[in-house]
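Undergrad: Here you go, one structure.
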Amino acid sequence: MIELNPSVGRFSDSIIRGMTKISNQYGAINLSQGFPDEDPPKAVLDRLAQVSYVGPHQYPLSHGAENFRAALAKKASPGLGRTVDPEREVVVTCGGTEAMVSTVMTLCQAGDKIMIFSPFYENYRSDAILAGAEPVYIPLEGEDYHFDPALVEAGFRDGARAIIVCNPSNPCGKVFTRSELETIGALAVKYDAMVIADEVYEHMVYPPNVHVSIASLPGMWERTITCSSLSKTYAMTGWRLGYFIGPAWFVDQAKKVHNYLTIGTSAPLQEAAVAALELPGSYYEELLESYARRRALLCQGLDKLGLKHNTPQGSYFVLLDLSDFLALPQFAGWTDMAFCEWMIREVGVAAVPGSAFLPGDTSTFARLHFAKSEETLQEALRRLEKLAGLLK
């Protein structure tokens, strides 16, 4: 029997994408895998139609087409508090997923440690393991998902090379305050470590919460890599356009890792997506208003059904509390995974079991998302009446 890399056995296939597969099998409303059900902006689709005939259709520069990187740098500069150099400080990747793994593999080697706030997006664990690093989990606790700075300092003191900060957080929707980011930044400086910032949901932050890029804080540009993508902001998850931005000394090395992982991403899609990056500020205002309405619709609907949940400060995810259901006699001994599979079959709504986002094997919550039309969310709530009926 041929032996495989033992690291691969330390993580499972994607639970999130697995729930989509089961959802499709049973025709459920898919509130598990977080992709919008609307199309990208019309300006982008119109440009894509043109590009399909005139190109480009061949390899772009490995680290991204010049005009696409220029548009990314222009859009990102205000939030990062500096003028980003599109040639030396930006690399275009195959989605935010590749941006993260390229960054982690550039930074970490076998035996290193990397801190991850928990609950966490499932890819972070596998990214660390594939790089040979050991993930160290820092719990987010309470209704506000706060963290203990002493645990972060202990992680750095024990040799962690970096900490991943997903802001807003997937899955819990936490938005890190400026004070919290300053605490993380000060510790990174003290212990000469790096911060990897995943800011995919930066445009989905609900007032009074405010998004702050940690790279914009004093002293943090040189030790922060900001990863993101166009997927969620412009409803183009299937385009797989992501990027990382950071100091030239790091980007110069990380783009080599990117090159040998994927060579580059789609030339025609980069060309068309420039139109997305050039949209006016009103687009982002309307996007936020739309998601705020959908957040209210789902959360208020869950309240009316008597289903416990958190209220996210950002992103488009809600955590549904399963503890009362798992305590019922008919579900005795069930895992969160088994319960979510039952929900798909019997309720017709797909969610992601919380164990996908925790270092342990089980949890008492499930992740729902509201990146769906209001009509779809209303139908999901109607179906969830069956779930609520179990508690009456």
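Undergrad: Mind grabbing the base-10 log of I(q)/I(0) for the chain at q = 0.11, 0.13, 0.15 Å⁻¹? Debye formula, identical points on the C-alpha positions, no solvent, two decimal places.
TA: One equal scatterer on each Cα of the chain leads to -0.81, -1.13, -1.46.
Undergrad: Moving on. Quick check: residue separation of ARG345 and SER62 times 0.36 nm, minus the Cα distance between them. What number comes out in nm?
TA: 97.4 nm
Undergrad: Oh, and also: Given C-alpha coordinates of segment 1-72, what is the ratio Rg to Rh with the Kirkwood estimate of Rh?
TA: In segment 1-72, Rg relative to Rh is 1.15.
Undergrad: Which FRET efficiency value, to the nearest 0.05, do you get for ALA186 and LYS75 by plugging their Cβ-Cβ distance into 1/(1 + (r/R0)^6) with R0 = 30 Å?
TA: Computed FRET efficiency for ALA186 and LYS75 comes out at 0.60.
Undergrad: So how strong a dipole does segment 107-237 carry about its Cα centre when Lys and Arg Cβ are +1 and Asp and Glu Cβ are -1, to the nearest 20 debye?
TA: Taking the Cα centre of segment 107-237 as origin, the dipole is about 200 debye.
Undergrad: Going from most exposed to least, what order do SER290, SER52 have by accessible area with a 1.4 Å probe?
TA: SER52, SER290
Undergrad: Compute the FRET efficiency between LEU261 and ARG178 as 1/(1 + (r/R0)^6), taking r as their Cβ-Cβ distance and R0 = 25 Å, and round to the nearest 0.05.
TA: That pair, LEU261 with ARG178, gives E of 0.15.
Undergrad: Now for a separate question. Using the alpha-carbon centroid of each, what span in Å lies between segment 333-392 and segment 190-235?
TA: After rounding, the separation between the Cα centres reads 29 Å.
Undergrad: Another one. Between GLN300 and ALA388, how many nm apart are label points set 7 Å from Cα along the C-beta direction?
TA: So the two model labels end up 1.4 nm from each other.
Undergrad: Something else: Which shape class, rounded, prolate or oblate, goes with segment 122-183 when its Cα gyration tensor gives a ≥ b ≥ c as root eigenvalues, a/c under 1.5 marks rounded, and past that a/b bigger than b/c marks prolate?
TA: oblate
Undergrad: Starting from the Cα gyration tensor of segment 231-316, multiply each eigenvalue by 5, take the square root, and state the resulting semi-axes largest first in whole Å.
TA: 35, 17, 13
Undergrad: Considering only VAL318, VAL44, VAL54, give the residue with the highest GNM mean-square fluctuation for the chain, with springs between Cα atoms whenever their separation is below 10 Å.
TA: Judging by the Gaussian network model, the answer is VAL54.
Undergrad: Between the alpha-carbon centers of segment 128-154 and segment 46-92, tell me the distance in whole angstrom.
TA: Value for the Cα centre distance between the two parts: 33 Å.
Undergrad: At what distance in nm do the modelled label points of ASP148 and TRP249 sit from each other, each positioned 7 Å from its Cα along Cα→Cβ?
TA: Those two pseudo-labels are separated by 3.4 nm.
Undergrad: Gaussian network model of the chain, Cα springs within a sub-10 Å range: biggest mean-square fluctuation belongs to which of PRO41, PRO359, PRO208?
TA: PRO208
Undergrad: Based on the Cβ-Cβ distance of VAL8 and SER282, what FRET efficiency does E = 1/(1 + (r/R0)^6) give at R0 = 35 Å, to the nearest 0.05?
TA: So the FRET efficiency works out to roughly 0.15.
Undergrad: Now a separate question. Taking only the alpha-carbon positions of segment 242-392 and ignoring solvent, what does the Debye formula give for the base-10 log of I(q)/I(0) at q = 0.10, 0.11, 0.17 Å⁻¹?
TA: For segment 242-392, the Cα-only Debye profile gives -0.55, -0.63, -0.99.
Undergrad: For the pair ALA49/ARG157, report the inter-label distance in nm, with labels modelled 7 Å from Cα in the Cβ direction.
TA: 6.2
Undergrad: For segment 35-180, just list the percent of Cα-Cα distances falling in each 5 Å bin from zero outward, please.
TA: Histogramming segment 35-180 at 5 Å steps yields 2, 8, 13, 14, 17, 17, 13, 8, 5, 3, 1, 0 percent.
Undergrad: Of SER228, SER315, SER373, which is the most mobile in a GNM of the chain whose springs link Cα atoms less than 10 angstrom apart?
TA: SER373
Undergrad: Further, regarding this structure: Taking the Cα centre of the chain as origin, work out the dipole magnitude from +1 charges on Lys and Arg Cβ and -1 charges on Asp and Glu Cβ, in debye rounded to 20.
TA: Taking the Cα centre of the chain as origin, the dipole is about 320 debye.
Undergrad: What is the extension gain from GLU375 to GLU134, computed as 0.36 nm multiplied by their sequence separation minus the C-alpha to C-alpha distance, in nm to one decimal?
TA: Contour length minus the Cα-Cα distance gives 82.4 nm.
Undergrad: Highest mean first, how do 217-223, 159-165 rank when packing is the count of other Cβ atoms within 10 Å averaged over residues?
TA: The most tightly packed comes first, giving 159-165, 217-223.
The values are calculated or read from the model by the stated rules, or taken from the named source; none is laboratory data. Computed from a prediction, not measured in an experiment: that's the story for all the values here. Don't worry about glycine lacking a Cβ; one is built from the backbone with ideal geometry, like all the others, and counts go over all protein chains shown. When the accessible area is computed, the model is the full protein with side chains, heavy atoms only, and any ligands, DNA or RNA have been set aside. Shrake-Rupley method; radii C 1.70, N 1.55, O 1.52, S 1.80 Å.
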